[in-house]
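A.B. asks: Sharing a structure here in structure tokens format.
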Amino acid sequence: EKGGYKHFMLKEIYEQPRALADTIAGRLQSEEGNIYLEDFGLSDAQLAGLDKIFIIACGTSWHAGLVGKFYIEKLARIPVEIDIASEFRYRDPIVTDKSLTILISQSGETADTLAALREAKGKGGKSVCICNVVDSSIARESDGVIYTHAGPEIGVASTKAFTTQLVALYLLALKLGRSCGTLTADSCRDKVEDLLALPRKLEETLELDEQIEKIARDSMNARDFLYLGRGNQYPIALEGALKLKEISYIHAEGYPAGEMKHGPIALIDENLPVVVLVPQNNIYDKVVSNMEEVCARGGKVIAITSGEESGLQGKVDTLIQVPQTTDDLMPILTSIPMQLLAYHIAVLKGTDVDQPRNLAKSVTVE
Ligand code: M6R
């Protein structure tokens, strides 16, 4: 059942090229340059009248939502508020009939996310969920559903559910952009082309496995880890830290790279591995300068960049290079080294990778 892999988590990491392709398949109407989402439940006219979007989720799904905010605000120009479900419920959010609430949940059974959906619906807002389990409670109670086609995820640490949620959020942002008139048909088609090229790039990214296992050996005895990223890579820093915490039991923190000098820089010494997400994009120079601050204080940098010629060769202790893609889709590729690093450290430490202590796959209590 693990298909020859040592753990479900590893199997699920390797299933991602297929899972991504399945989540994209059949969702572009090429002639019209529109996105087709089969159980979406809301008309274009309803979408065009929206003035606010809420994204609500827990854990890894919340990290996907943080990236989704970038997608929707950029492509559809609708303001997005993002909340952790257990916070949203109790803050009396200003939901109206012009609000759309997007719930993200792999299992579709997370108690706080379900309660947040009921709260938003009770206030007259529209709802759509991004879900991996057909006919789950959240899928049944939302006005519409976008299913991720990741297939069953058994490992407690979410991997393929996360990257397919990012794809679903991107498709949703494209759909919103088309309905709101902020995106042309040509531009939508081009962006789907970029998506279609992604499974192959993800396969290439998985070839980093051996290099990452070596990095895991070198860093597995650290007591703490820091993960830094900016823009749409900041959520990936949070996700990298969560993956490491939950399966290896090493304390880890994700931070916006630009915030480091406002506190966490005090933690840096030669015993602290600092994972820096620094793909080539418009804020690359800013992140490089944050990284240099870490190097200057003796921190052990593990840099994750994109493309062959990033200019970081020889400048950092450890360099991981993922293939180049668009800035929007880069979080999907940089997630892979996050997953593999946490996985290998956990295996080396001998923890129960698929069933870490104190955790349940689906959190059905509040
Ligand atoms: O099923 P859900 O997506 O609603 O679950 C939310 C979180 O419990 C989940 O993402 C959790 O954080 C994972 N164990 C992370 O790997």
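Here's the yes/no breakdown for (1) part of a strand (DSSP E or B); (2) without any contact (Cβ under 8 Å) to a residue 12 or more places away in the chain; (3) surrounded by 15 or more Cβ atoms within 10 Å (Cβ to Cβ):
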| site | (1), (2), (3) |
| --- | --- |
| Lys261 | no, no, no |
| Asp269 | no, no, no |
| Val274 | yes, no, yes |
| Met291 | no, no, yes |
| Ala303 | yes, no, yes |
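A.B. asks: For region 186-203, name all the residues that are surrounded by fewer than 19 Cβ atoms within 10 Å (Cβ to Cβ), charged (D, E, K, R) and more than 15 Å from Arg18 (Cβ to Cβ).
C.D. replies: Correct list: Asp186, Arg189, Asp190, Glu193, Asp194.
A.B. asks: Is it the case that some residue within region 278-292 is within 17 Å of the chain's Cα centre (by Cα), farther than 17 Å from Thr163 by Cβ and hydrophobic (A, V, I, L, M, F, W, C)?
C.D. replies: Taking every residue of region 278-292 in turn, at least one turns out to be within 17 Å of the chain's Cα centre (by Cα), farther than 17 Å from Thr163 by Cβ and hydrophobic (A, V, I, L, M, F, W, C).
A.B. asks: Which pairs do you get when a residue that is more than 15 Å from Glu81 (Cβ to Cβ), found in region 48-64, comes within reach of a residue that is more than 10 Å from the ligand (Cβ to nearest atom) and among the hydroxyl-bearing types (Ser, Thr, Tyr), reach meaning Cβ atoms under 6 angstrom, with the pair 6+ apart or on two chains?
C.D. replies: Here the result reads Ala48/Ser179, each pair linking region 48-64 to a residue that is more than 10 Å from the ligand (Cβ to nearest atom) and among the hydroxyl-bearing types (Ser, Thr, Tyr).
A.B. asks: Within the set of pairs 6+ apart or on separate chains, which have a first residue in region 119-148 that is without any contact (Cβ under 8 Å) to a residue 60 or more places away in the chain, a second that is within 13 Å of the ligand (Cβ to nearest atom) and among the acidic types (Asp, Glu), and C-beta atoms under 9 Å apart?
C.D. replies: If the second residue must be within 13 Å of the ligand (Cβ to nearest atom) and among the acidic types (Asp, Glu), the pairs left are Asn132/Glu153; Val133/Glu109; Ser136/Glu109; Ser137/Glu109; Ile138/Glu109.
A.B. asks: Also: So, restricting to helices (runs of 4 or more DSSP H) that lie completely within region 8-53, which ones have at least 2 residues that are modelled with pLDDT of 95 or more and under 19 Å from Ile130 (Cβ atoms)?
C.D. replies: 16-24
A.B. asks: Could you run through region 81-90 and say how many residues are of a type in the set (Phe, Trp, Tyr) and either more than 16 Å from the ligand (Cβ to nearest atom) or open to solvent by 20 Å² or more (accessible area, probe 1.4 Å) (or both)?
C.D. replies: Selection size over region 81-90: 1.
The rows are residues; the columns are (1) within 15 Å of the ligand (Cβ to nearest atom); (2) part of a loop (DSSP other than H, G, I, E, B); (3) crowded, with 18+ Cβ neighbours inside 10 Å.
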site	(1), (2), (3)
Asp92	no, yes, no
Thr101	yes, no, yes
Leu117	yes, no, yes
Asp135	yes, yes, no
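The values are calculated or read from the model by the stated rules, or taken from the named source; none is laboratory data. If you're wondering where the values come from, they're calculated on a predicted model, not measured in any experiment. Quick reminder, even Gly has a Cβ in these numbers, built from the backbone with ideal geometry, and neighbours come from all protein chains shown. Accessible surface areas use protein heavy atoms only, side chains included; no ligands, DNA or RNA. Shrake-Rupley method; radii C 1.70, N 1.55, O 1.52, S 1.80 Å.
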